[in-house]
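Novice: Would you mind keeping the following structure in view while I ask a few things?
Where a number appears in this text, it was derived from the coordinates with a stated rule and is not lab data. In this text, all values refer to a predicted model and were calculated from it rather than measured experimentally. All Cβ positions, even for glycine, are placed from backbone atoms using ideal geometry, and neighbour counts span all protein chains on display.
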């Protein structure tokens, strides 16, 4: 399967009060890899293992292979020594597209990343950044899921400063 997406740093948080949300826990392996491409995920009440790699070094165009797991398989595999992240994902409707707004928890608290996925390359290429977003970071390696896993906000701070990013927190 090919995944077409664009990724942004959030500038502000839209009202997420009535949005569907779910908890996501990722474990990227192998731990010693700078940018692991294999991920074990708790995705709400679903569990899966995914391998995702850019096609022709284009981060907006990725080949993805996902296999469903049982909770028991996830629980067993998640004990592997990997790089972990924890986030809440909110699904926000924006002009007929769904924004996946990831509000990171724990050591990455304050980081909010927004993803949009597309069915057609033309839709991806013609999409305009929403006003609640600060900057597009689709091609920024430092913000890729496999790169932020196992890190703290402070680890990313120098890169985030290039975009004048300010920490964001959900007020519920």
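Novice: What does a probe at residue 97 reach in region 126-160, counting residues whose amide N is under 14 Å from the point 7 Å along Cα→Cβ?
Specialist: 126-139, by backbone N distance to the label point.
Novice: Then there's this: With an 8 Å Cα cut-off and a minimum separation of 6 or more residues, compute the relative contact order for region 2-161 in percent.
Specialist: Relative contact order, region 2-161: 31 percent.
Novice: Run the numbers for residue 20 and residue 58: contour at 0.36 nm per residue of separation, minus the present Cα-Cα distance, in nm. All intermediate terms of the calculation are to be shown ahead of the outcome.
Specialist: On the way: separation 38, 0.36 × 38 = 13.68 nm, distance 3.00 nm.
My answer for the length gained is 10.7 nm.
Novice: Compute the Rg to Rh ratio over region 65-118 from the alpha carbon atoms, using the Kirkwood formula for Rh, and round to two decimal places.
Specialist: In region 65-118, Rg relative to Rh is 1.07.
Novice: Can you give the helix-only mean residue ellipticity at 222 nm for the chain, where every DSSP H stretch with n ≥ 4 adds -39500 (n - 2.57) and the sum goes over all residues, rounded to the nearest 500 deg cm²/dmol?
Specialist: -3500 deg cm²/dmol
Novice: Report the Rg/Rh value for region 2-161, based on alpha-carbon coordinates and the Kirkwood definition of Rh.
Specialist: Using Cα coordinates only, the ratio equals 0.94.
Novice: Testing the spin-label approximation: label points 7 Å from Cα along Cα→Cβ at residue 159 and residue 123. State their distance in nm.
Specialist: Reported label-point gap for residue 159 and residue 123 is 2.8 nm.
Novice: Further, regarding this structure: If I take R0 = 25 Å and measure r between the Cβ atoms of residue 141 and residue 170 in this structure, what FRET efficiency does the formula 1/(1 + (r/R0)^6) give, to the nearest 0.05? Please list the in-between numbers first.
Specialist: Working: r = 26 Å, r/R0 = 1.06.
That pair, residue 141 with residue 170, gives E of 0.40.
Novice: Continuing with this model, one more query. For region 1-94, rounded, prolate or oblate, judged on the Cα gyration tensor with a ≥ b ≥ c (square roots of eigenvalues), a/c < 1.5 rounded, else prolate if a/b > b/c?
Specialist: Judged from the Cα gyration tensor, region 1-94 comes out oblate (a/c at least 1.5, b/c at or above a/b).
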